[in-house]
Amino acid sequence: MGKFFLGVVVTLAVLVLGGLGFAMLGFFPTAANIEPPRWERHLAMSAVDSSMERHAPRIANPLPATDQNLEDGMKLYTMNCAVCHGGLDRKPASLDKSFYPPAPALVLHPPDDPEWHIFYTIRTGIRYTGMPAWDKTLSEESIWKITALLSRLEKLPPTVQDFYKNSFGIAPGDEEEKKEGDKKEDHDHH
Ligand code: HEC
């Protein structure tokens, strides 16, 4: 039994020292300008999702999704989020590929998570990534407004859709129509 425990302790010590040595001798990669491999992305995403499942309170958005709140959400998003996640004008962000992991294009691919999930992500950020925690910068009300917008980006009420189009020249849904049009053109060419 004593030998067994000694074996366990020695193995653990070797692992810990090996890990420390690996890091201290500079083998640990620290560059952010490459894409994470698929397995790492999958593992990390599952860990983030599980942590959120465990920690995030299941709260409903206390603000009604009025036109005004959604339009405020657009302004807040543009000022705080577009630089990494891409503009509401559907242009890619200047920094989207500059993080490890990269920042997802939230306007082109809006999150389909429930609002409590999105709210928690924005409020607390995601550790070891470029996603900041916004609880010290934005009020809860502002975060809920952005949350309301992101979770409704593809089903905005017509008045908000008009506001969107006037402000950004293009509205969600336009792109799909355009793509459909392109496809049709392609088809006509061949
Ligand atoms: C400095 C860059 C940066 C800014 C600014 C930023 N984010 Fe992020 N965000 C990231 C990165 C990088 C990730 C990817 C993290 C990951 O993959 O785990 C991320 C992830 C997210 C996610 C999770 C997406 C998913 O697939 O689950 C949401 C939601 C989000 N951000 C919302 C926002 C909102 C809203 C704002 C503005 C209030 C914002 N972010 C501002 C860099 C940023």
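None of the figures in this text is laboratory data; all of them are computed from the coordinates on show. Values in this document were obtained by computation on a predicted structure and should not be read as measured data. Glycine also receives a Cβ, built like all others from the backbone with ideal geometry; neighbour counts cover every protein chain displayed.
Checking every residue in region 142-150 against the condition of being more than 7 Å from the ligand (Cβ to nearest atom) and touching a His at 6+ places or on another chain (Cβ under 7 Å) gives zero matches. Within region 1-11, not a single residue is out of contact with any Cys (no Cβ under 6 Å at 6 or more places or on another chain), within 13 Å of the ligand (Cβ to nearest atom) and either of a type in the set (V, I, T) or closer than 30 Å to P158 by Cα (or both). When the residues of region 98-134 are filtered to those that are without any contact (Cβ under 8 Å) to a residue 40 or more places away in the chain and farther than 21 Å from S50 by Cα, the one that is surrounded by the fewest Cβ atoms within 10 Å (Cβ to Cβ) is H109. Of all the numbered requirements in (1) within 27 Å of I143 (Cβ to Cβ); (2) surrounded by fewer than 10 Cβ atoms within 10 Å (Cβ to Cβ), A31 misses one, and that requirement is (1). Out of Y120, Y100, one residue alone is hydroxyl-bearing (S, T, Y) and over 24 Å from P57 (Cβ atoms). It is Y100.
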